Every structure is written in structure tokens, then in C-alpha cells.
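Everything on this sheet refers to the single structure shown next.
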Amino acid sequence: VQAAPQQVAEDKFVFDLPDYENINHVVVFMLGTIPFPEGMGGSVYFCYPDQSGVAVWQLLGFVTNEKPSAIFKISGLKSGKGSQHPFGAMNLPQTPTVAQIGISVELLENLAQQTPVASAAVSSVDSFTE
């Protein structure tokens with residue numbers, strides 16, 4: 001469990017995933033100590049270095065006070081395309097050596113309009129039924 005993010009802006013946080021090649025799923029959850037401000041939630045992004053070392057950011061989904069946890073499958077994302085993300089103008093290394101999970105605090109109405117990468121969703125059906 002990583003409970004100490006690196007704050008890169010007032011409303012943006014990142015967590016390093018040093019052994020991301022061996023990680024299949026990521027669980028993002030709120031600790032319950034500090035809720036999001038009223039009307040806000042957190043977009044969850046996955047960033048990994050592509051073959052040329054450039055940071056690729058992909059939207060996984062979101063967490064809110066009403067939905068304080070989520071499980072995301074990242075194993076199939078390491079070969080996908082990046083998307084628009086709020087971390088582009090940040091002072092983050094453009095050639096990361098580790099993967100990162102980014103949390104961007106945003107208005108709930110903006111979260112509802114975002115489209116996460118389809119392969120990040122974890123099925124709620126057990127594997128036998130699937």
C-alpha cells in the first residue's frame with residue numbers, strides 16, 4: 001500500500017509503480033481520513049514509459065466520496081496509445097524510468113464526461129461465468 005503520494009500540483013498527485021511490468025491490477029482507494037471537497041472527485045491515470053522512453057498517460061477511471069475505491073487492470077495497457085491528460089504541463093520527467101498512477105482532482109461533472117480506456121475496467125463477473 002502506498003499512502004504517501006508525490007504532490008506535483010495543488011490538485012495533482014502521483015504514485016510510483018517501480019515494478020510495473022509484473023503488476024496486473026491496481027487498486028485505488030481513499031483512506032477515509034480526508035474526503036474530496038464537495039462536488040469534486042479524482043480522475044485516475046496510468047503512466048508508463050513506452051519503448052522510446054516517452055511517458056504515455058492513459059485514463060483508467062475515477063474515485064469519488066460516493067465511490068471511494070476502484071480496481072483497474074493495467075496488464076494490457078502497456079502497449080496501448082496515450083490520451084489527453086492533465087499531467088502534460090506538469091514538471092514531471094518526460095522520460096520516466098518507472099510507471100506512475102496519477103490522481104487529478106476535478107469537478108464531478110467533468111469526471112462523468114471522460115472516457116477511460118476500455119481494457120482497464122475489471123469485470124464484475126466471476127471468471128467461471130465469464
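No lab work stands behind these numbers, since they all come straight from the coordinates. Quick caveat: nothing in here was measured; it's all calculated off a predicted structure. Note that each Cβ is placed from the backbone with ideal geometry, even for glycine, and that neighbours are counted across all protein chains shown.
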Using a simple spin-label model with points 7 Å from Cα along the Cα→Cβ vector, what separation in nm is obtained for residue 118 and residue 40?
-> 3.4 nm
Please work out how much length the chain gains when fully extended from residue 21 to residue 65, using 0.36 nm per residue of separation minus the C-alpha to C-alpha distance, in nm with one decimal.
-> 12.8 nm
Pulled fully out, how much extra length does the chain show between residue 1 and residue 75, if you take 0.36 nm times their separation in residues and subtract their Cα-Cα distance?
-> 24.8 nm
Could you list 13, 46, 72 in order of exposure, starting from the residue whose Cβ has the fewest other Cβ atoms within 10 Å?
-> 13, 72, 46
Between residue 8 and residue 110, what length in nm is gained on full extension when 0.36 nm per residue of separation is reduced by their alpha carbon distance?
-> 34.7 nm
